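The values are calculated or read from the model by the stated rules, or taken from the named source; none is laboratory data. As the structure is a computational prediction, the values presented were derived from the model and not from experiment. All Cβ positions, even for glycine, are placed from backbone atoms using ideal geometry, and neighbour counts span all protein chains on display.
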Amino acid sequence: MQRPLPFLLATALALAPVALAAEPSPEVVSARKALLDAFPRGNMSTTGADALLLRILIESSGAKRAVEVGSFIGHGAIQMGIGLERTGGHLTTIEIDPETAKLCRENLAKANLEKTVTLVEGDALVELPKLQGEFDFVFLDAKKSDYLKYLKAIEPKLKKGAVIVSDNVIKHAKAMPDFLDYIQTCPDYETVIIRASEEKGDGMAISYRLK
């Protein structure tokens, strides 16, 4: 049974109250705002509203250990990094393309998030099984036909109450029928598909791990 987004957020808040970390300096906050305001809006970048939603989900759920599949040049990673900095958490973001990974590292450095975000360069299907420990937040935004493979690779490491956000599930639904069927019918998850931004006419699946 699917639940509306407010239910998911309320449940996350009830299960994991947030203890906010110290805020960065005003200079860092200002530099981040300038970076995000001027961030390149290419077809591969997470939209502004979607990236902000990722941050809100992290902060509201109190997520501590997050993984992103598909960094691109770091727009989503910066917003998630800001949220995880506030919860005292950490993001591991994985990017397969060396040149794109280089740009992502540069943007993370500009945002002063090197301590909160670790970029791993490589194939996510190879790197995900290597990750140690448990995770409570996942963002999928890489090869659409491999979404189920990514989820299966990280699934054994997901905590109860983990939030999984999967991008581009409306426009690219035909590329991921196996994933959408699984995430929407598996009794271990509650899933809702939302559109937080009209910028690209696409949407995201937000899933809550029940057990």
Inset, instruction - Can you confirm whether the range 39-47 contains a residue that is over 14 Å from the mean Cα position of the chain (by Cα) and aliphatic (A, V, I, L, M)? - result: yes
Inset, instruction - Kindly indicate the residue of the range 129-148 that is among the charged types (D, E, K, R) and within 11 Å of the chain's Cα centre (by Cα) and also surrounded by the most Cβ atoms within 10 Å (Cβ to Cβ) among those meeting that condition. - result: D136
Legend entry - Single residue of V29, V120, V126 found to be free of Cβ contacts under 8 Å to residues at least 12 places away in the same chain, closer than 24 Å to E155 by Cβ and either buried (at least 18 other Cβ atoms within 10 Å of the Cβ) or not polar (S, T, N, Q) (or both): V126
Legend entry - Test set (1) closer than 21 Å to L91 by Cβ; (2) free of Cβ contacts under 8 Å to residues at least 12 places away in the same chain; (3) part of a helix (DSSP H, G or I) - A153 fails condition number: (2)
Legend entry - Long-range neighbours under 7 Å by Cβ, at least six apart or interchain, first residue without any contact (Cβ under 8 Å) to a residue 60 or more places away in the chain and within 15 Å of K64 (Cβ to Cβ) within the range 84-103, second of a type in the set (A, V, I, L, M) and assigned to a helix (DSSP H, G or I): L84/I58; H90/L84; L91/A77; L91/M80; L91/L84
Inset, instruction - For the range 108-117, indicate whether the set of residues that are more than 26 Å from F39 (Cβ to Cβ) and surrounded by fewer than 22 Cβ atoms within 10 Å (Cβ to Cβ) is non-empty. - result: no
Legend entry - Selection from the range 49-71 of residues that are at positive phi and either crowded, with 24+ Cβ neighbours inside 10 Å or touching a Phe, Trp or Tyr at 6+ places or on another chain (Cβ under 9 Å) (or both): G70
Inset, instruction - Name the one entry in L113, L180, L140, L131 that is touching a Phe, Trp or Tyr at 6+ places or on another chain (Cβ under 7 Å) and modelled with pLDDT of 95 or more. - result: L140
Legend entry - the range 183-211, subset of a type in the set (S, T, Y) and surrounded by 18 or more Cβ atoms within 10 Å (Cβ to Cβ), residue modelled with the lowest pLDDT: S197
